[in-house]
Structure formats: structure tokens, C-alpha cells
1. Considering only Ala84, Ala164, Ala34, give the residue with the highest GNM mean-square fluctuation for the chain, with springs between Cα atoms whenever their separation is below 10 Å.
2. Return the carbon/sulfur percentage of the accessible area of the chain, one whole number, probe 1.4 Å, all protein chains in place.
3. Rounded to the nearest 500 deg cm²/dmol, what is the calculated helix-only ellipticity per residue at 222 nm for the chain, with -39500 (n - 2.57) per DSSP H run of length n ≥ 4?
4. Output the relative contact order of the chain, whole-number percent, from Cα pairs under 8 angstrom with separation of 6+ residues.
5. How far, in degrees from 0 to 90, does helix 37-47 lean away from the longest principal axis of the Cα atoms of the chain, to the nearest 10?
6. Measuring with a 1.4 Å probe in the full set of protein chains, what accessible area per residue, in whole Å², belongs to the stretch 162-237?
7. Choose one answer from Cys201, Cys45, Cys77: the residue with the largest mean-square fluctuation in a GNM of the chain with alpha-carbon springs under 10 Å.
8. With springs connecting C-alpha atoms under 10 Å apart, model the chain as a Gaussian network and identify which of Arg231, Arg198, Arg169 has the largest mean-square fluctuation.
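The values are calculated or read from the model by the stated rules, or taken from the named source; none is laboratory data. In this text the structure is predicted, and so the values were computed from the model without any measurement. Backbone-built Cβ (ideal geometry, glycine too); neighbour counts: all protein chains shown. With ligands, DNA and RNA removed, areas are computed over all heavy atoms of the protein, side chains included. Shrake-Rupley method; radii C 1.70, N 1.55, O 1.52, S 1.80 Å.
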Amino acid sequence: MKVLVVDDELLICESIKSDLLRMEHPWKYEVFTAQSVTAAQEIYCREEPEFVITDINMPGGSGLILVSEIHKDNPDCGILVLSAYDDFEYVRNAFTMGAWDYILKPISFSEFDRCVKKLAGKVSEAEEDLQAGKNFESVQDKGVFGMEDVVEYMKQHIAEKLSASEMARKMAVSYSSFGRLFREHTGMSFSAYLLWYRMECAKEYLESSHMKIKQVASKVGYRENPQHFSRDFTRQVGMSPKEYRTQVFEEKSRVYR
């Protein structure tokens, strides 16, 4: 079971990782660590963990933002929130945004062990329930999505909200099985492929139209948060949308001189 641990203190990340690896549970944990929300988002996108353990207060972004984003992408992902603040508002906000449980720091190993075992069991049960009685080869003949259908659906609905959990339901397989099948089919995780395809579409719009950047963002799935489009485009392409468009137009001008 893949686990992502997020805390701005390296020692805490390593301590939690060590605790997870020595737990005598039915599952073996593959642990990834991140010390910021940005790094956690990148690891989540690449590795698609089934279980996330995150602090709330970190420089550069709240852990609650991460909780909300992960829960929207995969409601079956187990999310455990850690905090040094025994405050009802913190607890309420954590659960409202999708956390499964909440532990106060400092963390005792026995409490942590008990909580992780309980939540990992829920994650495992959710996957087994989805998988039970659903053979991938047989369901394809019953009108259920195959992987080619998933990829085509993504391309046709690129301007809409898309999530791995939604696609898994369309294929009638568990979230983890979908992630494995998608990676086998495309060579990329679902989140990485979705980001790549959105940026490829954005480049086409920037090259062939005079649409405003905000309009391009809306066309490729960033209608509700266009500010995130420039951030993701810059990370993926190496320059901002405005810089990319300027470069393309300058290259075209040189060709036609």
C-alpha cells in the first residue's frame, strides 16, 4: 500500500516513515515523504498513493488544501491529519474537507499504530468491495468502459473535471486497479497523463488563436481556478503561457520574413 507522508519537518517525516515500516500489519507500506504542499501534490500525481498522512500548518500552503484536492480526486483515499493544535475548528475543517481521522502531536506509537491499522483496513475493504465480482476481461463485453474508451473520454471532456476515481467507476474496477491498468496502457499515471494532455491542448490554443489566457485555461479544465493554469503550464513547459505564445509568434515571424 502506497503511503504519502507530508510534514514540513524532515525529522517528523522520517520518524513517521520509520514507524510505518515497522508496523506489523497485514499490508506492506511503500512510503513517500514531502515537506511542502507543492511537493506533496507532485508526488501524489506521480505515485497515486492509497493513504495520505499530512500535517495542517506548513509554509507555502495549508495541509487542508491538500486534503480537499485529494478527496475530490479520490474519495476512497485514506487521509489522516496530524496537528499540534487541539482546536475544534481545525478538527471540523479537516473532516469537512475529507479527512478520515485526526491525531494530535506529539504522536504516541501505539495510538498511531492503531489509527493507521484502522484506516488502512478501510482503504483495503473499499478496494475489495469495488473489485468483488468484477472481472476486468468480462465486464468489457457488458458496455463498461475499456481503457481506450477512458482515454478517448478524457480527450472529449478535457474542459471538465476529471478524476481517476470517476474513470475507475466507469471501468467497474477499483481505484488501485485502474491506476495500474492506466499506467500499463499509457506509460504514465492518470494525473500525469491528464496534466500532459491539458498542456498539449493549451499549447495548440496558444499557437493558433488569440484567446485570452483565462479563456485557454477554461478550455483545458481550469474554469474554476484559472490561476492554477499558469502555474501548471510553467512547470510542465518551462515557461509561462504568455512567454510561450510570444516565442511561437516570434518564430513564425522569422519564418515569413
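1. Result for the chain, Cα springs under 10 Å: Ala84 fluctuates most.
2. Values: 6750 of 13580 Å².
Carbon and sulfur together cover 50 percent of it.
3. Values: 13 runs with 153 residues, N = 257.
Counting only the DSSP helices, I get -18500 deg cm²/dmol.
4. Values: 331 pairs, mean separation 34.5, N = 257.
Here the relative contact order equals 13 percent.
5. 90 degrees
6. Values: 3660 Å² over 76 residues.
Each residue of the stretch 162-237 exposes 48 Å² on average to a 1.4 Å probe.
7. Maximum fluctuation in the GNM of the chain, among the listed residues, is at Cys201.
8. Looking only at Arg231, Arg198, Arg169, the biggest GNM fluctuation is shown by Arg231.
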